[in-house]
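The values are calculated or read from the model by the stated rules, or taken from the named source; none is laboratory data. Quick caveat: nothing in here was measured; it's all calculated off a predicted structure. Here the Cβ is made from the backbone with ideal geometry for all residues, glycine too, and neighbour counts use every protein chain on show.
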């Protein structure tokens with residue numbers, strides 16, 4: 001019996017992550033920590049910190065894709081568009097946090113960045129079982145946005161962590177059908193992700209304990225995108241940041257801009 005179209009991409013992901021022992025590669029232990037019981041707390045911290053170098057290298061490799069994403073988003077935000085981060089579980093929480101961080105950046109117009117998490121606000125604090133497995137829920141959460149999605153200005157960014165989040169794929173397909181700009185941030189470009197999105201930032205973290213490294217990498221990618229965007233939104237005059245191109249003042253010196 002053939003697999004449903006939206007589910008067909010899951011099989012290669014699962015098979016790629018399984019070792020001969022049947023243990024997912026994402027959950028395998030790092031060799032540097034096999035003698036963890038004999039290491040001091042400081043030594044463990046040093047080992048874990050050194051492993052982050054692999055994450056930084058993965059993010060560096062995808063900087064061209066991050067730059068392209070920023071270039072695609074910035075003119076839409078400058079015209080009054082929104083960026084909606086869409087995710088389930090850890091990926092969705094990252095999106096909510098990034099949207100919240102935008103409120104403290106005087107170079108970003110208010111209420112332009114939103115975080116849409118599967119399961120809603122409760123899922124920020126508690127595990128929400130099954131919500132990441134619903135294609136329809138991903139579509140429904142975007143369908144009830146107020147104001148509705150604006151295809152000429154709005155961008156939907158799906159954070160694919162875990163990779164098999166049908167909630168995110170459902171939401172991205174809804175946004176694509178609505179003619180919005182659709183971007184993805186993922187550990188690898190497989191099947192439905194590439195076919196739905198206009199552009200994918202692929203940040204491939206491989207090896208043992210991949211889940212933890214992928215989480216950190218995708219968090220860095222989404223955070224960096226938000227940090228780079230104000231440069232594109234701001235007119236530079238004599239190397240001094242001035243007025244935002246849509247007329248909102250940058251009040252970094254004179255005070256915070258009011259919420260609108």
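Numbers below:
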read-out	value
Residues of the range 80-89 that turn out to be in a loop (DSSP other than H, G, I, E, B) and on the phi > 0 side of the Ramachandran plot, as a count	1
Strands (runs of 3 or more DSSP E) wholly inside the range 191-248 containing at least 1 residues that are at pLDDT below 65 and on the phi < 0 side of the Ramachandran plot	234-237, 240-244
Qualifying residue in the range 20-31 (condition: surrounded by 15 or more Cβ atoms within 10 Å (Cβ to Cβ), in a loop (DSSP other than H, G, I, E, B) and modelled with pLDDT under 55)	yes
Within the range 174-190, considering residues that are farther than 16 Å from residue 83 by Cα and crowded, with 22+ Cβ neighbours inside 10 Å, the one modelled with the lowest pLDDT	187
Members of the range 170-184 found to be part of a strand (DSSP E or B) and in contact (Cβ under 8 Å) with a residue 40 or more places away in the chain, listed by number	181, 183
Qualifying residue in the range 67-90 (condition: more than 22 Å from residue 181 (Cβ to Cβ) and touching a strand residue (DSSP E or B) at 6+ places or on another chain (Cβ under 9 Å))	yes
Qualifying residue in the range 60-79 (condition: part of a strand (DSSP E or B), under 20 Å from residue 217 (Cα atoms) and free of Cβ contacts under 8 Å to residues at least 60 places away in the same chain)	no
Flag if residue 83 is closer than 28 Å to residue 132 by Cα and free of Cβ contacts under 8 Å to residues at least 60 places away in the same chain	no
Residue tally, condition free of Cβ contacts under 8 Å to residues at least 60 places away in the same chain, farther than 18 Å from residue 96 by Cβ and crowded, with 17+ Cβ neighbours inside 10 Å, over the range 120-146	2
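Conditions tested, residue by residue: (1) in contact with a helix residue (DSSP H, G or I) (Cβ under 6 Å, 6 or more places away or on another chain); (2) at pLDDT 85 or above; (3) part of a helix (DSSP H, G or I); (4) within 22 Å of residue 166 (Cβ to Cβ).
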site	(1), (2), (3), (4)
91	no, yes, yes, yes
94	yes, yes, yes, yes
97	no, yes, yes, no
110	no, no, no, no
119	yes, yes, no, yes
128	no, yes, no, yes
139	yes, yes, yes, yes
